[in-house]
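Below: one structure, written as structure tokens.
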Ligand SMILES: [Zn+2]
């Protein structure tokens, strides 16, 4: 096991150590481009937070990724669509459905969405809460017009958050939707946001849950890999009390609602380092076994003259395509906007366009893969869904 003197946990400041096994995996960026390396995975010996090693290599990688960032490029800029047994719907609409069951927000108020991108979360929130004033914040002003076109949008800020607060704050709610995992100092950021909230205001956070979805570890620019306990701990360390932890608001993700802890409340007790260690180790091991199983299956199919396809062109499919280079014939995707395009040099087909007998490898956590396989078998009986290995 490799250790580097001076690796410090980004949540609690405790000593962080490299997780074994440290297979030399490739990586993928959060805007779905291949990357030559995943980066070292560390786990904190004090609180169990799993994180990337934020060394010079990682900082150079992150800068290169953000300098060339394109959201949703395979869908021509349209927001990602979630497909499941309930049908297809935009990701943020599905998220609001899950989150709103846990919140008790008044009929009117003000929301600041930090890292708002093109305003997808603001738009979905505004549809659920039409009496609210909506504000967006992003690191650059490129998408200001899109955000301001969202019904209910009252302001867009970039640059210092304190300027947003001075002009339009404090806010009844502040949201960080798929943002905290990109922040090298998550606790410091959450602490700063506390000052933007009214007393009793609501913090809303959503992040990938690597305990549900090990593929999150492969995302190079995700420097924090949260699961429910470490997400809650980050908020507690930043001075919040947890209102709700959402393990089921969205498949493969975890969210929380929290409010500023009234002054004088005791600091939270230590986390459980063993939980993070075990989760990180089994997740990396499962990724290794998944790649090995997919290679073996591809060889067997090719020996029968049958194509081997990856299902989905998002993070997992794109990462697997790199790890399985030379073994994959095409992608199959349910998103009609992607059909007929190529991704990583491979064609993207709709399920109906794939040749009979195509083996369709489902790069998803096992339980989710099983439910997708059932759905695909009914809808497209000419395809053979292939499940990943079980998780321990
Ligand atoms: Zn820690």
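The values are calculated or read from the model by the stated rules, or taken from the named source; none is laboratory data. Just so we're clear, the structure is a prediction, and the values are computed from it rather than from any experiment. We place every Cβ from the backbone using ideal geometry, glycine too, and count neighbours over all the protein chains shown.
A few remarks follow.
- Filter result for residue 301 (at pLDDT below 95, outside the structural domain of residue 52 (by TED's automatic domain parsing) and not in a loop (DSSP other than H, G, I, E, B)): no
- Reported count of residues in the range 71-117, each being within 17 Å of the chain's Cα centre (by Cα) and either more than 27 Å from residue 362 (Cβ to Cβ) or at pLDDT 90 or above (or both), is 7.
- For the range 356-387, the candidate set comprises residues that are within 20 Å of the chain's Cα centre (by Cα) and touching a residue at least 12 places away in the same chain (Cβ under 8 Å); within that set, the residue that is nearest to residue 307 (Cα to Cα) is 362.
- So residue 376, is it surrounded by 19 or more Cβ atoms within 10 Å (Cβ to Cβ) and touching a helix residue (DSSP H, G or I) at 6+ places or on another chain (Cβ under 8 Å): yes
- Index of the failed condition, residue 350 passing every other in (1) touching a strand residue (DSSP E or B) at 6+ places or on another chain (Cβ under 8 Å); (2) buried (at least 17 other Cβ atoms within 10 Å of the Cβ); (3) farther than 28 Å from residue 282 by Cα: (2)
- Contacts under 7 angstrom Cβ, first residue in the range 35-64 being without any contact (Cβ under 8 Å) to a residue 24 or more places away in the chain, partner assigned to a loop (DSSP other than H, G, I, E, B) and surrounded by fewer than 20 Cβ atoms within 10 Å (Cβ to Cβ), 6 or more apart: 36/26
Residues checked against (1) in contact with a strand residue (DSSP E or B) (Cβ under 7 Å, 6 or more places away or on another chain); (2) touching a residue at least 40 places away in the same chain (Cβ under 8 Å):
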| position | (1), (2) |
| --- | --- |
| 149 | no, no |
| 175 | yes, yes |
| 185 | no, yes |
| 213 | no, yes |
| 216 | yes, yes |
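- Residue tally, condition within 13 Å of residue 240 (Cβ to Cβ) and part of a helix (DSSP H, G or I), over the range 166-186: 2
- Those residues of the range 102-128 which are assigned to a loop (DSSP other than H, G, I, E, B) and touching a strand residue (DSSP E or B) at 6+ places or on another chain (Cβ under 8 Å), in sequence order: 102, 103, 105, 106, 108, 115, 116, 117, 119
- Strands (runs of 3 or more DSSP E) wholly inside the range 187-279 that include at least 3 residues being touching a helix residue (DSSP H, G or I) at 6+ places or on another chain (Cβ under 9 Å) and buried (at least 20 other Cβ atoms within 10 Å of the Cβ): 197-208, 253-260
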